[in-house]
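K.L.:
Structure below; questions to follow.
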Amino acid sequence: MKWGECMELQLWKEILGPYRQAVDELLVKFNHIIEDHHNAGLYSPIEQVKGRVKSISSILEKLQRKNQNINELEDKIEDLAGIRILCQFVEDIDKVVQIIENRSDMEIKSIKDYIANAKDSGYRSYHMIIYYDVNTIHGVKRVQAEIQIRTLAMDFWATVEHSLAYKYQGNIPEDIRARLSGAADALLLLDHEMSSVRNVIMDAQASNKAKETLVADILSNIQNLYKVANKREIVKIQDEFYKVYQGGDFDELSHFGKQLDIIAEGYRAQSIS
Ligand code: 0O2
């Protein structure tokens with residue numbers, strides 16, 4: 001690689017650095033939203049979150065396609081930082097939008113609702129462009145980021161269509177395009193069907209999650225007791241736990257967890273005094 005090319009790469013790194021930081025920070029924040037819901041025993045409207053900084057080749061291709069100057073890059077290319085939020089149900093998308101609207105660290109610049117108005121291709125997704133402040137070694141920099149919010153079904157379609165568009169350089173043959181359009185209709189139907197059983201699925205998932213968290217807390221309590229309680233007592237607690245766990249009654253397990261908390265608290269108080 002020549003010196004000039006090296007410099008150019010360094011310049012790209014400098015330009016894209018704050019966007020990389022924005023993607024990293026936003027991923028942490030959205031993942032915490034998922035975790036906070038789970039910890040509170042609530043259903044999370046966010047199923048999964050992904051992020052990327054736009055590749056240099058993709059930036060150059062977009063600038064050329066939109067006939068824009070490279071000096072206007074940071075203004076004109078709104079998705080240098082891209083976040084994709086995946087939801088299980090269409091209804092969850094509104095919830096995610098509300099969460100973003102209520103945040104003090106994300107300012108909404110614009111939205112594009114390709115769910116209410118699907119693209120001709122069949123593409124469905126909800127897009128938000130936000131302003132987000134990153135603290136760099138040079139001070140605070142306000143960057144733009146694109147957040148795409150869609151269901152798992154919409155994402156499946158978009159991923160397949162994107163690969164085909166890439167393969168055929170944007171000119172997908174008519175027969176394949178027609179099949180993609182049919183698939184988009186089928187996925188729309190699937191999203192509707194899933195919505196009709198949303199409450200049942202949400203209840204089942206929330207109670208699975210609550211049980212998972214409860215069992216993890218109980219096991220961690222038992223593990224900590226190993227350090228302080230006598231072995232015979234621990235074995236008794238463990239046997240009791242297996243019995244309650246195998247019984248499969250959530251209320252009983254919850255009651256057992258509370259009793260264990262009291263025992264653990266007793267040992268903690270003893271160790272302080
Ligand atoms: P990439 O490679 O995903 O980053 P334009 O890019 O001019 O079509 P604009 O004004 O930048 O559109 O915004 P728009 O329409 O909201 O599209 C932004 C992004 O949405 C695109 O980024 C794609 O990721 C996605 N997208 C939009 N339309 C389609 C579509 O028909 N199919 C698929 N699979 N994705 C779509 P990029 O930079 O175009 O592409």
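The values are calculated or read from the model by the stated rules, or taken from the named source; none is laboratory data. Everything quoted here is computed from the prediction, not taken from an experiment. So basically every Cβ, Gly included, is an ideal-geometry build from the backbone, and we count neighbours across all protein chains shown. These accessible areas exclude ligands, DNA and RNA; they are computed on the full protein's heavy atoms, side chains included. Shrake-Rupley method; radii C 1.70, N 1.55, O 1.52, S 1.80 Å.
K.L.:
Within 17 Å of the chain's Cα centre (by Cα), more than 16 Å from the ligand (Cβ to nearest atom) and free of Cβ contacts under 8 Å to residues at least 12 places away in the same chain: does that describe Asp94?
P.N.:
Taking the combined requirement at face value, the residue satisfies it.
K.L.:
If I ask for residues that are surrounded by 14 or more Cβ atoms within 10 Å (Cβ to Cβ) and part of a helix (DSSP H, G or I), which ones from the range 169-180 would you list?
P.N.:
Arg177, Leu180
K.L.:
Would you pick out the residues in the range 40-61 that are out of contact with any Phe, Trp or Tyr (no Cβ under 7 Å at 6 or more places or on another chain), open to solvent by less than 40 Å² (accessible area, probe 1.4 Å) and at negative phi? Outline the logic, then answer.
P.N.:
At the first step, the residues of the range 40-61 found to be out of contact with any Phe, Trp or Tyr (no Cβ under 7 Å at 6 or more places or on another chain) are 40-45, 47-48, 50-52, 54-55, 57-61.
In the following step, the residues that additionally are open to solvent by less than 40 Å² (accessible area, probe 1.4 Å) were identified as 41, 43-45, 51, 54, 58-59.
Across the range 40-61, the qualifying residues are Tyr43, Ser44, Pro45, Gly51, Lys54, Ser58, Ile59.
K.L.:
Let me ask you something else. With the requirement that a residue be more than 14 Å from the ligand (Cβ to nearest atom) and in contact (Cβ under 8 Å) with a residue 12 or more places away in the chain, what does the range 57-85 give you?
P.N.:
Glu74, the sole residue that qualifies.
K.L.:
Conditions: (1) more than 11 Å from the ligand (Cβ to nearest atom); (2) touching a strand residue (DSSP E or B) at 6+ places or on another chain (Cβ under 7 Å); (3) not polar (S, T, N, Q). His138 meets all but one. Number of the miss?
P.N.:
With respect to (1) more than 11 Å from the ligand (Cβ to nearest atom); (2) touching a strand residue (DSSP E or B) at 6+ places or on another chain (Cβ under 7 Å); (3) not polar (S, T, N, Q), His138 is out only on (2).
K.L.:
I'd like the residue in the range 97-135 that is open to solvent by 90 Å² or more (accessible area, probe 1.4 Å) and assigned to a helix (DSSP H, G or I) and, out of all such residues, is farthest from the ligand (Cβ to nearest atom).
P.N.:
Gln98
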